[in-house]
Structures are given as C-alpha cells and as structure tokens.
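Since the structure comes first, as structure tokens, the remarks are kept for the end.
The values are calculated or read from the model by the stated rules, or taken from the named source; none is laboratory data. Given the structure is predicted, the values throughout are model-derived calculations rather than measurements. Positions of Cβ are generated from backbone atoms using ideal geometry, with glycine treated the same way; all protein chains shown enter the neighbour counts. When the accessible area is computed, the model is the full protein with side chains, heavy atoms only, and any ligands, DNA or RNA have been set aside. Shrake-Rupley method; radii C 1.70, N 1.55, O 1.52, S 1.80 Å.
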Amino acid sequence: MYEFLKYELQDGVCTITFNRPDFYNAFNDGISYEFQDALKSAGKDPEVRVVVITGEGKAFSSGQDLKSARDEDDKMFYNSLEKRYNPIIRAMRKLPKPIIARLNGVAAGAGCSLALAADMIVAAESSKMIEVFINIGLVPDSGSSFFLPNLVGYQKAFELCAMGTKITAQEAYELGIVNKVVKDDELDSAVKSYTDYFAKAPTKSIGMIKKMLNKAATSSLDDMLEYEKYSQQIAGTSEDYKEGKKAFLEKRTPEFKGN
C-alpha cells in the first residue's frame, strides 16, 4: 500500500510503522505525504478504534532526512513545515481516535515532535528523546514548542530545546512526557494492554475527550464549562452511552461499539 510505511489493521488496532530502518526512519517527502494519507485513512475507517505509531528497526524516527533537504529552495524550511509536518501534527491532534506512540528507539527532532503529538507514549527503556534542532542551528518545530512547555514547564522545556539535552525513557517518564517505560522485550505487550482497552472503549467519547483537552490548552474556565455542556449533550445521545447505562443497570460489562 505504501513505499515508506507499513499500515496494518487488526481487531480495531491500526498500526502505522515508519519503514526506513536503514535511515533511522528519517522523514523525506515520500514518508511525510504517505503518513498524512495513512492518518486520513485511519480517521475515516470505522473499524479503526485506536492508532499505534512506531518505527521499524532500531529507531522511532530521527526526524528530517537532511540528505533530502532542498537547499536550493529559499523558503525550504517554511514550505517543508507548511506542506509536510504541520499537516501531520494537526491531523494527529484532530484525529477523533487515540494515538499511542510505541517508542522503540531514538526519537529526535521532528521524530520527537511526532511522539509528543501522540495521546500516549509507551517507551522501551533503551529509547531516548532529543530536541536535536539546536545542534545544527535550528529551532524546534512540528509542535515541540507547544507540547514541551505544557508537559514539563518553561524552564525544563528551554533546557531541552536550547541545549539539545538527550533524555532517557526513564527521565522522560519522570518528567511526565512518557506514560509507561518497560523493558525492551516487553514493549509489545505493554502497548497491547492499552490497545486492548481502547479497541473496546467508547471511541466517540474518547475522541471528544481528546478534542476537549486540546481546546483546554488555549481556553478559559468559562469557555471549557460551556464546551463541556455542549460535548456532554452529544455524548449523552450516543449509542455507547445507552449501552453503558443499560450495562450498569444490568450489572454487566458494557459492549461498546464506538458510536
């Protein structure tokens, strides 16, 4: 289906794997546009209840493939972000389904940003994250300047971005960036414990929770109280709510269908 990605769907779980292992899954034009398309497909497919993004081989993603950069383009950086990375980040945050980053190795530069844009991160203990931009005289992009300070506060975000400090999976966990750290050979089972839950969860409500929390980052309390009222009315008319209420009254486990 794709040249630079693997796209698999099984039991409600869509796994998108960056597949340039010989280049540490660095992003060129091809993988960028394929990933945009894969996210659209996952969003439209009602069979998809949860998305996992990960990398083939030793790396999650080393970020932009510098060898493929078009230095002759005077607006290379602007155009690259406008057409390639920013649409990816927006698509990830707007996808009405949970996204889990399966951090199997280094996530550097834009690769780090992609991990941060996920809703949850499950990391192998050998994996590392680094805002590597400063090492070549650049600034963070692809959402890192938004996600990091919201996660760790200004001072720590400044250090990570301005000094290019590499952090281990355990350090990322302690900073509140990563949800769970496990031994490398336990990564798949750890991710599965989350996907098993989300594949049977009320997907419509999960998508609305995601939208609410994203909105809250730039909204006032009054704004969110109004938005909660609006969202709860929608959730309260869903089929999953009807099933959840019925199951509660019947003292059984609900069977959510995601709608």
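Taking F35 as the residue in question, decide whether it is modelled with pLDDT of 95 or more, of a type outside the set (G, A, S), open to solvent by less than 10 Å² (accessible area, probe 1.4 Å) and assigned to a strand (DSSP E or B).
Against the criterion (modelled with pLDDT of 95 or more, of a type outside the set (G, A, S), open to solvent by less than 10 Å² (accessible area, probe 1.4 Å) and assigned to a strand (DSSP E or B)), F35 does not qualify.
Looking at segment 47-62, which of the residues that are over 19 Å from D119 (Cα atoms) and of a type outside the set (D, E, K, R) is surrounded by the most Cβ atoms within 10 Å (Cβ to Cβ)?
Across segment 47-62, the extreme among qualifying residues is S62.
Those residues that are among the small types (G, A, S), outside any loop (DSSP other than H, G, I, E, B) and without any contact (Cβ under 8 Å) to a residue 24 or more places away in the chain, I need them from segment 151-168; list them, please.
A157
Only one of (1) touching a helix residue (DSSP H, G or I) at 6+ places or on another chain (Cβ under 9 Å); (2) modelled with pLDDT of 95 or more; (3) farther than 25 Å from C112 by Cβ is not met by V181, so which one is it?
V181 satisfies every listed condition except (3).
Quick one: count up the residues across segment 20-32 that are open to solvent by 10 Å² or more (accessible area, probe 1.4 Å) and part of a helix (DSSP H, G or I).
5
Please enumerate the residues belonging to segment 78-134 that are without any contact (Cβ under 8 Å) to a residue 12 or more places away in the chain and more than 24 Å from K44 (Cβ to Cβ).
Across segment 78-134, the qualifying residues are Y78, N79.
Per-residue answers, yes or no, for (1) acidic (D, E); (2) out of contact with any Pro (no Cβ under 6 Å at 6 or more places or on another chain); (3) open to solvent by 90 Å² or more (accessible area, probe 1.4 Å):
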position: Y194; (1), (2), (3): no, yes, no
position: K210; (1), (2), (3): no, yes, no
position: S219; (1), (2), (3): no, yes, no
position: D223; (1), (2), (3): yes, yes, no
position: E228; (1), (2), (3): yes, yes, no
position: I234; (1), (2), (3): no, yes, no
position: Y241; (1), (2), (3): no, yes, yes
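Which is free of Cβ contacts under 8 Å to residues at least 24 places away in the same chain and more than 16 Å from the chain's Cα centre (by Cα), of Q10, Q64?
Step by step, each of Q10, Q64 is checked, and only Q10 is free of Cβ contacts under 8 Å to residues at least 24 places away in the same chain and more than 16 Å from the chain's Cα centre (by Cα).
Quick one: is S32 among the hydroxyl-bearing types (S, T, Y) and under 27 Å from A190 (Cβ atoms)?
Taking the combined requirement at face value, the residue does not satisfy it.
Looking only at segment 169-185, how many residues end up being in contact with an Asp or Glu (Cβ under 9 Å, 6 or more places away or on another chain), in a helix (DSSP H, G or I) and open to solvent by less than 80 Å² (accessible area, probe 1.4 Å)?
2
Inspect segment 22-39 for any residue being touching a helix residue (DSSP H, G or I) at 6+ places or on another chain (Cβ under 7 Å), farther than 18 Å from D65 by Cβ, touching a residue at least 40 places away in the same chain (Cβ under 8 Å) and not polar (S, T, N, Q) and give the result as yes or no.
Yes; the residues of segment 22-39 include at least one that is touching a helix residue (DSSP H, G or I) at 6+ places or on another chain (Cβ under 7 Å), farther than 18 Å from D65 by Cβ, touching a residue at least 40 places away in the same chain (Cβ under 8 Å) and not polar (S, T, N, Q).
Let's see how each residue does on (1) under 28 Å from E171 (Cβ atoms); (2) of a type in the set (G, A, S):
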residue	(1), (2)
N28	no, no
Y33	no, no
E56	yes, no
F60	yes, no
S113	yes, yes
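Being over 19 Å from A101 (Cα atoms) and open to solvent by 80 Å² or more (accessible area, probe 1.4 Å) is the filter here, so list the residues in segment 149-168 that pass it.
Y154, Q155, F158, M163
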